[in-house]
Amino acid sequence: MRKAEKKRKTAETSVRVSVNLDGKGESKIETGVGFFDHMLTLFAKHGAFDLTVKCDGDLAVDGHHSVEDIGIVLGEAFKEALGDKAGIVRYGSFYVPMDEALAFVALDISGRPYLVYDGGEMAPVVGGYDTELTEEFLRAFAFNSGITLHAKILYGNNTHHKIEAIFKALGHALAVAVRKDGSKGVLSTKGVL
């Protein structure tokens, strides 16, 4: 099975992540940031990834270090779990409507990290979560997993709905991209990803 466990300890955070790409969407998330716990739970469920995240961070400062470092470690875990990427679909995209909001995520497990993020206007905080941290998480995840990631909120009014739609769309798009397609090699004329 395609699994990985990664850890990272700094003066600001202690993060442990385990992921099973061939899971059932089961998760145990403990970041200390309730709204972010909810988003990672949704991500795991909609991607059908088994995911454990434990973070002890300097939340007395704010959630920035915790959210970013979780993105780093989760990205590293995905990269390791994917191995040489042989036989995966590679590309994935997905639209998710969340009530009045609509989000779109497209990605390429290319080995060339990049992020294009268009979240539009949002309330600055949802449930104690700084909404700017969504972009920080996505950037850290994309750059440490080697994924080209595009995420866009097409429209919506409720900030909770917008961010939730992004995390659900990310889970679904990744589920498509990591799926085995039955081929033996990697989907690239270069022969490697």
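Things to note:
- The 3J(HN,Hα) values that the Karplus relation (6.51, -1.76, 1.60; θ = phi - 60°) gives for the range 26-42 are, in residue order, 8, 8, 9, 10, 9, 9, x, 10, x, 5, 5, 4, 4, 5, 5, 5, 5 Hz. Gly and Pro appear as x.
- Only DSSP H runs of four or more residues enter the estimate; each adds -39500 (n - 2.57), and after division by the residues of the chain the mean residue ellipticity at 222 nm equals -11500 deg cm²/dmol.
- Rounded, prolate or oblate (a/c below 1.5 giving rounded, otherwise prolate when a/b exceeds b/c) for the range 99-157 by Cα gyration tensor: oblate
- Phi to ³J(HN,Hα) by Karplus 6.51 cos²θ - 1.76 cosθ + 1.60 over the range 141-158, Hz, x for Gly, Pro: 5, 4, 6, 8, 9, x, 10, 7, 10, 10, 9, 9, 8, 6, 5, x, 10, 8
- Where labels lie 7 Å past Cα in the beta-carbon direction, separation of V116 and H64 in nm: 2.7
- Dipole in debye (nearest 20) - the chain, about Cα centre, beta carbon charges: Lys, Arg +1; Asp, Glu -1: 1120
- Listed pairs K6/K180; K3/K45; K7/K79; K24/K180; K6/K54 exceeding 20 Å between Cα atoms: K6/K180
- Electrostatic bookkeeping for A173 treats Lys and Arg as +1 and Asp and Glu as -1; over the other residues with beta carbon under 13 Å from its beta carbon, the sum is +3.
- Cα gyration tensor, the range 1-141 - rounded (a/c under 1.5), prolate or oblate: oblate
- Within-13-Å neighbourhood charge of G128 [Cβ basis; K, R +1; D, E -1]: -3
- For the pair E30 and R8 in one chain, pulling the backbone fully straight at 0.36 nm per residue adds 6.4 nm over the alpha carbon distance.
- Charge context of G111, other residues only, Cβ under 15 angstrom, K/R +1, D/E -1: +1
- Label point distance in nm, K180-D84, each placed 7 Å from Cα along Cα→Cβ: 1.5
Computed from the coordinates by the stated procedures, all read-outs in this text should not be read as laboratory data. Remember, it's a predicted structure, so these values are computed and weren't measured experimentally. Note that each Cβ is placed from the backbone with ideal geometry, even for glycine, and that neighbours are counted across all protein chains shown.
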